[in-house]
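Below is one structure; the comments refer to it alone.
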Amino acid sequence: MPFTPMELMICAAAGELDDGRTVAVGTGLPCAAAMLAQKTHAPNLVICFEAGGLAPLLPTMPISVGDSTTFHKAVLATSMTDVMQFCQRGMIDYTFLSGAQIDPFGNLNSTMIGTDYARPKVRLPGSGGANDLASFCWQTLIVMKHDAKKFVPRLDFLTTPGYLSGPGAREDAGLPANTGPHRVISDLAVMDFHPESKRMRVRSLHPGKTLAEVQTATGFELLVSESVNTTPEPTELQLSILRTQVDPGRYILGRAG
Amino acid sequence: MPAPLFTSVSSDAARQAFATKPRALADKVMSVAEAVRRFVHDGDYFCSGGFGSNRIPTAVLHEILRQGKQNLGFAGHTATHDFEVLCAGNRTGRGKTLAKVDISYVLGLEARGLSPHARRVIQSGELETVEWSNYALALRFTAAAMGVPFVPARSMQGTDTMAKSAAKPIACPFTGEKLVAIPALYPDVAAIHVHEADRFGNCRFVGTSVADIDLARAAKRLIITCERLVPHDRMRQNPHHTQIPFLCVDAVCEVPFGSYPGNMPGEYFSDEEHLRTWLTVEQDEAAFLKFLDEFVFGVPDFAAYLDKCGGLRRLQALRQREVLVGDAAQ
């Protein structure tokens, strides 16, 4: 069955979420991926939202991480500090983030483009909950469109921690041990981070994409895994559930991949 | 240069303010116009409850614009439509409603896109800004609600968000762990929208509380807008449902559909078309001024705004969207 780059990204992201785990998500692609995982291989995945919704039975895709669908038939409608403290205590396994820029260590910028904080060239929303979620959740999954303007050697502003300046830097800074970015899922490939150097590394290429294409769309040198394989294509079942149950209004699927 | 604290973190200074807060079980029902006139002053640090486009006190935000309040501080704690409304008092020929903003998330409307006017305001450099994460900014109300100058947290460490915040690194006195001291934020005035309040200001709401339980306790003055006034006796029957007690509250304003165009849990969904209209009309500065004249400055009160936006028919559709959503999924 034919599929779009967006559908592939959502399915690849969903595949990273194991059954019986907990995930803090925002709206958009991450939420679609979590819903898809729940409706396929991970029915016991617990979804939580930073505004206070815990384990909702999502009737539709939320528009805001605080709208009433985020606690529809939930087990708990609580506060932001309560949800963030579940994360800080080590109870939330995954989070899903994006940003305007990412660097080789998986650090993210969602604050500003430019060099002068007082007069940004382009002002962006800021951390929101991203800094907290990437600090606290065991594994950070990142979804980004692949573009050399977004995959940059150095961020204009380090909003949200990846591996900071490299091995050991998170722990030195005071962040919880054994946390950090786990995967970067783009429209071209899936990346992970080298276990020693903590630098971004190509793990699998999406069907039909080449390593050269991925490197050209990246503003820094990517490491390459010894066994780069091909990202699995979405199954017919995944596509059908995605199109008819997760996002029938094509709220996310209608966007360019 | 360390980022500034826009408000005092001193617990004793806060106690002095709370010492003079009225204790009487007094009738606090008044109009939104009167509440804003009496409790929001130029230069105040103002906070808005809810979550950007969910359970927000829209009527108070519009009234702040209409009364031309100037040079406010503001906590941009996933501030979306609320920040967008307040920004309409900057660079629109009416002085400067906002002067200082603590930012964890502003100018975006989440999945809906970015506010062009809020971006013009912030990129002009006319706002003094300080960065935080959402958890850190929420914890600032927790510290204030506790009556202490700070609480520790583990996020923000190692980032520019931390460097541009007014938080400070500390070492745990027990373990030596590196932590961040998140300073208390005692707003001069806050506005929170709830489902039900009695005339004295006891409040209850359903859905996520976001940061409002702490914000209500942290604020030196508090304006409540409610969907419905209910008899005091009903609060006494179910005290375990009260989230904000009258002691915190200075004004109670009954504003049906008061979170419009935002979502109100169990009552009505957000008006996505109207929110899109705001974002679209802001692209053109002249068109935005005309829009503001028509929808905010040119109307006497919030009820008139609701009428302009489609009135009861529109609100009924939004209520059906909210309460029948579970049926639609089956």
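The values are calculated or read from the model by the stated rules, or taken from the named source; none is laboratory data. As the structure is a computational prediction, the values presented were derived from the model and not from experiment. Positions of Cβ are generated from backbone atoms using ideal geometry, with glycine treated the same way; all protein chains shown enter the neighbour counts. Ligands, DNA and RNA are stripped out before the accessible areas are found, and what is left, the full protein with its side chains, is counted by its heavy atoms. Shrake-Rupley method; radii C 1.70, N 1.55, O 1.52, S 1.80 Å.
Before moving on, here are some points about what is shown:
- Test: residue in the range B:39-47 that is within 14 Å of another protein chain (Cβ to nearest Cβ), open to solvent by 10 Å² or more (accessible area, probe 1.4 Å) and not in a helix (DSSP H, G or I): no
- No other residue among A:PRO104, A:PRO56, A:PRO62 is in contact with a Phe, Trp or Tyr (Cβ under 6 Å, 6 or more places away or on another chain), over 18 Å from A:ALA134 (Cα atoms), more than 7 Å from chain B (Cβ to nearest Cβ) and not in a helix (DSSP H, G or I) apart from A:PRO56.
- Among the residues of the range B:308-330, the one identified as farther than 20 Å from A:THR60 by Cβ, loosely packed, with under 12 Cβ neighbours inside 10 Å and charged (D, E, K, R) is B:ARG313.
- Taken over the range B:74-97, the residue count meeting the criterion of being of a type outside the set (Gly, Ala, Ser) and farther than 26 Å from A:SER79 by Cβ is 7.
- For B:PHE257: the one exception among (1) touching a residue at least 24 places away in the same chain (Cβ under 8 Å); (2) part of a helix (DSSP H, G or I); (3) more than 14 Å from chain A (Cβ to nearest Cβ); (4) surrounded by 15 or more Cβ atoms within 10 Å (Cβ to Cβ): (2)
- The range B:169-203, residues that are within 13 Å of chain A (Cβ to nearest Cβ), without any contact (Cβ under 8 Å) to a residue 40 or more places away in the chain and assigned to a strand (DSSP E or B): B:PRO169, B:ILE170, B:ALA171, B:LYS178, B:LEU179, B:ALA181
- There is at least one residue in the range B:59-71 that is away from chain A (no Cβ under 14 Å), free of Cβ contacts under 8 Å to residues at least 40 places away in the same chain and basic (Lys, Arg).
- Output for the range B:222-241, where each listed residue is open to solvent by 40 Å² or more (accessible area, probe 1.4 Å) and within 18 Å of B:GLY50 (Cβ to Cβ): B:ARG228
- Condition check for B:THR208: within 14 Å of chain A (Cβ to nearest Cβ) and either aromatic (Phe, Trp, Tyr) or closer than 21 Å to B:TYR260 by Cα (or both): yes
- Test: B:ASP102 is open to solvent by less than 20 Å² (accessible area, probe 1.4 Å), of a type outside the set (Val, Ile, Thr), within 14 Å of another protein chain (Cβ to nearest Cβ) and in a strand (DSSP E or B): yes
- Options A:SER98, A:SER186, A:SER165; residue that is hydroxyl-bearing (Ser, Thr, Tyr), more than 8 Å from chain B (Cβ to nearest Cβ), within 12 Å of the chain's Cα centre (by Cα) and surrounded by fewer than 24 Cβ atoms within 10 Å (Cβ to Cβ): A:SER98
- Restricting the range A:13-32 to residues that are modelled with pLDDT of 95 or more and in contact with a strand residue (DSSP E or B) (Cβ under 7 Å, 6 or more places away or on another chain) leaves a set whose member that is nearest to the other protein chains (Cβ to nearest Cβ) is A:ALA24.
- Of all the numbered requirements in (1) open to solvent by less than 10 Å² (accessible area, probe 1.4 Å); (2) out of contact with any helix residue (DSSP H, G or I) (no Cβ under 9 Å at 6 or more places or on another chain), B:PHE6 misses one, and that requirement is (1).
- Within the range A:118-127, one or more residues are buried (at least 21 other Cβ atoms within 10 Å of the Cβ), part of a loop (DSSP other than H, G, I, E, B), within 9 Å of chain B (Cβ to nearest Cβ) and of a type in the set (Ser, Thr, Tyr).
- Unmet criterion (only one of (1) within 11 Å of chain A (Cβ to nearest Cβ); (2) within 30 Å of A:PRO125 (Cα to Cα); (3) not polar (S, T, N, Q)) for B:CYS226: (1)
- Residues satisfying the stated conditions in the range A:70-99, i.e. more than 24 Å from A:ILE185 (Cβ to Cβ) and of a type in the set (Ser, Thr, Tyr): A:THR78, A:SER79, A:THR81
Yes or no, residue by residue, for (1) at the interface with chain A (Cβ under 9 Å from one of its Cβ atoms); (2) of a type in the set (Phe, Trp, Tyr):
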residue: B:ARG119; (1), (2): yes, no
residue: B:GLU126; (1), (2): no, no
residue: B:VAL130; (1), (2): no, no
residue: B:TYR135; (1), (2): yes, yes
residue: B:ALA144; (1), (2): no, no
residue: B:VAL148; (1), (2): no, no
residue: B:PRO152; (1), (2): no, no
residue: B:GLY158; (1), (2): yes, no
residue: B:THR161; (1), (2): yes, no
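- A:ALA217 being open to solvent by less than 80 Å² (accessible area, probe 1.4 Å) and touching a residue at least 24 places away in the same chain (Cβ under 8 Å): yes
- Some residue of the range B:48-63 being surrounded by fewer than 24 Cβ atoms within 10 Å (Cβ to Cβ) and outside any helix (DSSP H, G or I): no
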